[in-house]
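> One structure, as structure tokens, below. Some questions next.
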Amino acid sequence: MKLLSVIKNLPLKTNSRILDINNGINIDYFYLSQIFPNSRLTTISKDKEKTKNIIKSLEQKNITNAHEKFNIFHFEYDNGGTLPFVDNSHDLIIISGVLRNVIYRESFLKECSRILAKGGFILVTELNEDAHGITTHPDSRILFDDMLEYLDTAGITIVENFDTDSFEYGIIGVCS
């Protein structure tokens, strides 16, 4: 199942507040803006060049009111620390292929739980060992059972697991 199909099938409002924490894997923001036409889409990336490319891509598509719909910025999330958002401020957080690069995974996921609205969803995927031409070092891979434990510690309840072609696993969780 494609990641965007999973997102599309979540019971979210068209004005949902969505946060994508990315690591170079493109979420199609144009498509997301069509699914959730009144939403506020925020993405943070630790890759400054990636951030610039996302903004450039959106500008090329001439999206009406792009500055109102999208908030894209650089943030070094991999060493822990506080995410730059207020409590309960997002309805969906997408973490795709990122956690293998985060040093303090438990505190990072607790931060995600803090900014997720009650009943909000978190969607977590991790790359296959050899997905997208990236060979993931065995020490950085996060096993499925370990991910379930991280999410549980962060106060996230698992709703569903899903398989994809590009990811080792996908997990949908909800903030209770």
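Computed from the coordinates by the stated procedures, all read-outs in this text should not be read as laboratory data. The model shown is predicted, which means the values in this text are computed figures rather than measured ones. Glycine gets a Cβ as well: all are built from the backbone with ideal geometry, and neighbour counts include every protein chain shown.
> Amide H to amide H, which residues 5 or more places from residue 160 or on other chains are under 5 Å from it, using H placed in the peptide plane?
Under 5 Å from the amide H of residue 160: 172.
> Once phi is turned into ³J(HN,Hα) by the Karplus curve 6.51 cos²θ - 1.76 cosθ + 1.60 with θ = phi - 60°, what whole-Hz value does each residue of region 90-102 show in order, with x for glycine and proline?
Karplus-based 3J(HN,Hα) across region 90-102 equals 9, 9, 8, 10, 10, 10, 10, x, 10, 4, 5, 9, 8 Hz.
> Order 115-127, 43-55 from most to least packed using the mean count of other Cβ atoms within 10 Å.
Values: 115-127: 21.2, 43-55: 16.7.
The peptides rank, most packed first, as 115-127, 43-55.
> For residue 9, what residues show an amide H to amide H distance below 5 Å, using hydrogens built from the backbone and excluding near sequence neighbours?
none
> Something else: Which stretch or stretches of region 94-124 have amide N atoms under 13 Å from the point lying 7 Å from residue 146's Cα along the Cα→Cβ direction?
Residues 99-106 qualify, since their backbone N sits under 13 Å from the label point.
> So, one more: How far, in nm, would the chain grow between residue 56 and residue 31 when pulled straight, counting 0.36 nm per residue and subtracting the alpha carbon separation?
Working it through step by step, the gained length comes to 7.4 nm.
> Once label points are set 7 Å from the Cα along Cα→Cβ at both residue 2 and residue 103, what is their separation, rounded to one decimal in nm?
3.7 nm
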